[in-house]
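Colleague: Quick one: this structure, given as structure tokens, is what I'll be asking you about.
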Amino acid sequence: MQDLGIRVLFMGNNFLRLLLGLWITIKISLAAAGLSLVFGTFLGMVMTLENSVVRAVSRVYLEFIRIMPQLVLLFLVYFGLTKAFGVNLSGQASAVLVFTLWGTAEMGDLVRGALVSIPRHQYETGTALGLGPLQIYWYVIIPQAVQRLLPLAINLTTRMIKTTSLVVLIGVVEVMKAAQQIIEANRYTVPDAALWIYGAIFFLYFFVCWPISLLAARLERAQ
Amino acid sequence: MDFEEVLLEVRHLHKDYGNGPVLEDVSFQVHKGEVIVIIGPSGCGKSTLLRCINGLEEIVSGGIWLDGEAVGKDKAKWREVRQKVGMVFQNYDLFPHMTVIDNILLGPVKVQKREKKKAEEEAEKLLERVGLLDKKKAYPRQLSGGQKQRVAIVQALIMKPELMLFDEVTAALDPEMVREVLDVMLELAKGGSTMLIVTHEMQFARAVADRIIFLDEGRIAETGLPEAFFDQPKTERACRFLDTFLF
Ligand SMILES: Nc1ncnc2c1ncn2[C@@H]1O[C@H](COP(=O)(O)OP(=O)(O)OP(=O)(O)O)[C@@H](O)[C@H]1O
Ligand SMILES: [Mg+2]
């Protein structure tokens with residue numbers, strides 16, 4: 001019977017549960033990625049300002065978020081907020097919050113990098129043509145920054161999707177949780193269920209992230 | 001040649017970047033239709049002077065008058081001035097994400113709010129004049145340095161500037177491309193454009209200039225007609241500078 005371990009995938013609605021879990025994973029990532037895009041763009045623009053206070057604050061934020069393991073952040077928000085302030089966030093909301101904090105920092109750094117990589121003479125040519133500062137941003141700087149940014153932002157999104165697997169640890173029922181439940185339920189009937197289930201998850205993540213990676217690579221080459 | 005109307009007047013211009021003066025008491029006039037070539041050793045302040053004239057640099061003291069109107073610190077005023085003063089830089093500064101035609105149309109359409117159709121027709125005429133009509137849809141990266149500079153000239157010309165500033169537009173070009181760009185500038189000069197040209201091409205300076213301004217360490221050391229300046233420079237600095245171009 002051992003060679004039939006794969007049947008655990010198709011017993012009952014097991015596969016559906018995995019897919020549903022994956023869907024929650026994607027939802028969390030997309031929400032966080034979308035928010036990070038908005039806040040990160042803002043942060044990145046702020047980081048290019050000459051103001052040294054603004055710079056220092058954003059720098060500290062960036063380093064703090066980067067040094068902190070995401071898991072620790074997740075626990076801090078999910079358990080810590082409740083303990084300290086009595087704020088009760090759902091697992092999914094905590095996850096979105098943490099990944100947004102993280103994504104905003106990373107995205108902000110990418111945006112800052114893209115903006116400062118536009119040579120100064122691009123601003124000057126625009127100025128010399130009589131364009132105003134906003135027009136220069138809109139017609140000259142942003143299109144070029146976006147071209148550089150797009151593949152990087154997409155890569156960040158795939159990293160987010162993968163990292164979301166951590167939320168299992170705060171009890172969000174996503175793909176990993178579904179997996180554990182299925183494995184538990186079949187501990188005796190299908191002893192090697194873990195192998196098959198985690199194998200399936202491997203492919204699920206792969207098929208979600210792979211096309212996105214391809215897209216990023218293509219955009220990168222297109223430049 | 002006689003020039004009547006003063007187009008640009010620079011009076012007692014001072015400029016520094018915070019570590020000693022770069023321009024000191026620079027005064028001169030440019031008349032309508034006049035071509036002035038500014039020459040001088042590297043670092044003497046030629047680029048700075050041009051950049052002050054279209055407001056890319058703030059001046060410390062002195063004044064600039066265009067068409068009899070003083071231009072000062074008012075930003076809105078500067079945007080107006082820049083439409084009357086076209087500038088071409090040393091490093092072909094086209095916008096890399098736009099085609100040639102879009103590069104050219106950005107100014108007339110977005111700044112001057114001209115009708116796109118008409119501006120495009122004009123752009124085509126100008127491109128034809130510089131021999132680049134077939135590159136209309138090309139991206140800057142598909143052009144040679146000389147071609148980019150010619151597009152940059154069109155980009156400035158289409159704004160119908162009253163004054164054109166050229167800052168060593170051939171300095172970064174391969175020798176075989178210098179000619180095609182200088183020819184365009186000679187054409188413009190013949191057509192009556194008012195131009196202020198910084199260049200290290202002495203033959204060209206002599207051919208194109210109505211007047212030479214020799215700048216040295218931020219001051220106008222000598223000015224004169226091209227023949228007089230090149231054949232009998234009055235100052236010792238100018239002699240020495242011109243000698244560096246002889247073998
Ligand atoms: N942004 C700046 N900040 C500080 N100093 C500057 C700046 N730009 C120019 N300078 C200095 O001002 C002086 C004049 O520079 P400028 O570029 O006008 O010279 P130039 O005559 O155009 O020289 P070149 O022939 O090499 O182009 C130089 O000593 C230069 O180092
Ligand atoms: Mg210079």
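The values are calculated or read from the model by the stated rules, or taken from the named source; none is laboratory data. All values derive from a computational prediction rather than experimental measurement. Note that we place each Cβ from the backbone using ideal geometry, even for glycine, and neighbour counts take in every protein chain shown. These area figures cover heavy atoms from the full protein model, side chains too; ligands, DNA and RNA do not enter into them. Shrake-Rupley method; radii C 1.70, N 1.55, O 1.52, S 1.80 Å.
Colleague: In the structure shown, do any of B:K117/B:K190; A:K83/A:K177; B:K84/B:K117; B:K160/B:K190; B:K118/B:K190; B:K73/B:K116 have a Cα-Cα gap over 20 Å, and if so which? The partial results should precede the final answer.
Modeller: Working: B:K117/B:K190 28 Å; A:K83/A:K177 24 Å; B:K84/B:K117 22 Å; B:K160/B:K190 16 Å; B:K118/B:K190 25 Å; B:K73/B:K116 32 Å.
Listed pairs above 20 Å: B:K117/B:K190; A:K83/A:K177; B:K84/B:K117; B:K118/B:K190; B:K73/B:K116.
Colleague: Between the helical axis of B:145-157 and the dominant principal axis of chain B, each derived from Cα atoms, what acute angle in degrees is found, rounded to the nearest 10?
Modeller: 90
Colleague: Only helices at least 30 Å long along their axis, Cα-based, and averaging 0.5 or more on Kyte-Doolittle count here, so list those DSSP H runs from chain A.
Modeller: Helix filter hits for chain A: A:14-47, A:91-116, A:193-222.
Colleague: What are the aspartates and glutamates whose alpha-carbon lies under 20 Å from the alpha-carbon of B:K125, with same-chain residues fewer than 8 places away excluded?
Modeller: By straight Cα distance, B:K125 reaches B:D102, B:E115, B:D134, B:E162, B:E180, B:D183, B:E187.
Colleague: Given contacts defined as C-alpha pairs under 8 Å and at least six residues apart, what's the relative contact order of the stretch B:61-165, whole-number percent?
Modeller: Computed over the stretch B:61-165, the figure is 39 percent.
Colleague: Efficiency by 1/(1 + (r/R0)^6): what FRET value for B:D134 and A:S117, r their Cβ-Cβ distance, R0 = 22 Å, to the nearest 0.05?
Modeller: The calculated FRET efficiency here is 0.10.
Colleague: Can you tell me, using C-alpha contacts under 8 Å and at least 6 residues apart, the relative contact order of chain A as a whole percent?
Modeller: 33
Colleague: Okay, next question. In Å³ and rounded to a whole number, note down the convex hull volume per residue for the Cα atoms of chain B.
Modeller: For chain B, the hull spanned by Cα atoms encloses 134 Å³ per residue.
Colleague: Using a 1.4 Å probe, what is the accessible area per residue for the protein assembly as shown, in Å²?
Modeller: Using a 1.4 Å probe on heavy atoms only, each residue of the protein assembly as shown averages 50 Å².
Colleague: Would you kindly find the accessible area of A:E63, with a 1.4 Å probe and non-protein molecules such as ligands, DNA and RNA excluded, rounding to the nearest 10 Å²?
Modeller: Rounded to the nearest 10, that gives 70 Å².
Colleague: A further question follows. Considering the Cα positions of the protein assembly as shown, please state its Rg to one decimal place and its Dmax as a whole number of Å.
Modeller: Final numbers for Rg and Dmax: 31.6, 106 Å.
Colleague: For chain A, what is the mean residue ellipticity at 222 nm derived from helices alone (per DSSP H run of n ≥ 4: -39500 (n - 2.57); sum divided by total residues; nearest 500 deg cm²/dmol)?
Modeller: Value at 222 nm, helices only: -24000 deg cm²/dmol.
Colleague: Right, something else. Over both sides of the B-A contact, add up the buried accessible area with a 1.4 Å probe and give it to the nearest 100 Å².
Modeller: What B and A bury together is about 1700 Å².
Colleague: Calculate the all-directions average of the projected area of chain A's alpha-carbon convex hull, and give it in nm².
Modeller: Its average projected convex-hull area is 15.7 nm².
Colleague: Would you please give the FRET efficiency between A:R221 and B:D74, computed as 1/(1 + (r/R0)^6) with r the Cβ-Cβ distance and R0 = 30 Å, to the nearest 0.05?
Modeller: Once rounded, the FRET efficiency stands at 0.05.
Colleague: Return the calculated 222 nm mean residue ellipticity for chain B, to the nearest 500 deg cm²/dmol, obtained by summing -39500 (n - 2.57) across DSSP H runs with n ≥ 4 and dividing by the residue count. Mind showing how you got there, number by number?
Modeller: Working: 9 runs with 89 residues, N = 247.
Value at 222 nm, helices only: -10500 deg cm²/dmol.
Colleague: If you don't mind, another one. On a full-extension model of 0.36 nm per residue, what is the gain between A:R7 and A:Y188, subtracting their alpha-carbon distance, rounded to one decimal in nm?
Modeller: 63.8 nm is the gain from fully extending A:R7 to A:Y188.
Colleague: Moving on. Given Cα positions, please report Rg to Rh for the stretch B:138-247, the hydrodynamic radius being the Kirkwood one.
Modeller: 1.00
Colleague: Right, something else. Go ahead and run the numbers for FRET between B:Q29 and A:Y198, Cβ-Cβ distance against an R0 of 60 Å, rounding to 0.05.
Modeller: After rounding, the FRET efficiency stands at 0.15.
Colleague: Defining a contact as two alpha carbons under 8 Å apart and six or more residues distant in sequence, what relative contact order in percent does chain B show?
Modeller: It comes to 25 percent, rounded to a whole number.
Colleague: Let me ask another. What is the distance, in nm, between label points placed 7 Å from the Cα along the Cα-to-Cβ direction at B:H12 and at A:T82?
Modeller: 7.6
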